[in-house]
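Down below is the structure, laid out as structure tokens.
The values are calculated or read from the model by the stated rules, or taken from the named source; none is laboratory data. Computed from a prediction, not measured in an experiment: that's the story for all the values here. Ideal geometry is used to build each Cβ from the backbone, glycine not excepted, and the neighbour counts take in all protein chains shown.
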Amino acid sequence: MVDSYILFDLPPGEEPVDGQFLEQLGHRVMVCNGPAPGTLCPILSGEGCELAENAHGIVFELDLDRSQHRAILDRYKHYLKTDVPIRVTVKPGQAAKYPELLTGLKVLSHVPVAGDLDGLVAEVEAADM
């Protein structure tokens, strides 16, 4: 899938753990390290975010204890195409703290590895057919 890519929303300075696995399966990996401190994410400011809007799947690892990060995830849930699979990595206690936000999403309590990403790829490929 040449045009397909998976977007990883990661804390600054981090890279996807098994990004090469996705690339071996034909999916490019794009990384967003979230908005710079003191700035508003373009998806929240009304400018939109082509990177997120064109992603075929999203792995969200930003900190849900930050209100802007929760707002970004909420936008993804409500404004991206419904067939875009989203995986959310949570820290201990966050799943219980933000149940409404996480409803309908696949939640992981660990950094996604090849086995987790394989399921994401299957959903991406099914949606692309």
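Yes or no, residue by residue, for (1) among the aromatic types (Phe, Trp, Tyr); (2) in contact with a Lys or Arg (Cβ under 9 Å, 6 or more places away or on another chain); (3) crowded, with 19+ Cβ neighbours inside 10 Å; (4) part of a loop (DSSP other than H, G, I, E, B):
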residue: 22; (1), (2), (3), (4): no, yes, yes, no
residue: 65; (1), (2), (3), (4): no, yes, no, yes
residue: 68; (1), (2), (3), (4): no, no, no, no
residue: 74; (1), (2), (3), (4): no, no, no, no
What are the residues in the range 109-122 that are buried (at least 17 other Cβ atoms within 10 Å of the Cβ) and either hydroxyl-bearing (Ser, Thr, Tyr) or within 12 Å of the chain's Cα centre (by Cα) (or both), if any? 112, 117, 120
Residues of the range 40-61 being under 18 Å from residue 116 (Cα atoms) and either aliphatic (A, V, I, L, M) or in a strand (DSSP E or B) (or both), in sequence order, are 55, 57, 58, 59, 60
Scanning the range 49-87 for residues that are of a type in the set (Ser, Thr, Tyr) and either within 9 Å of the chain's Cα centre (by Cα) or under 22 Å from residue 128 (Cβ atoms) (or both) gives 76, 79, 82
Cβ pairs under 6 Å, 6+ apart, first in the range 101-129 and touching a residue at least 12 places away in the same chain (Cβ under 8 Å), second buried (at least 17 other Cβ atoms within 10 Å of the Cβ) and polar (S, T, N, Q): 108/89
For residue 121, all conditions in the list (1) touching a helix residue (DSSP H, G or I) at 6+ places or on another chain (Cβ under 7 Å); (2) at pLDDT 95 or above; (3) not charged (D, E, K, R) hold save one; what is the number of the exception? (2)
Where residue 6 falls short, out of the listed (1) modelled with pLDDT of 90 or more; (2) part of a helix (DSSP H, G or I): (2)
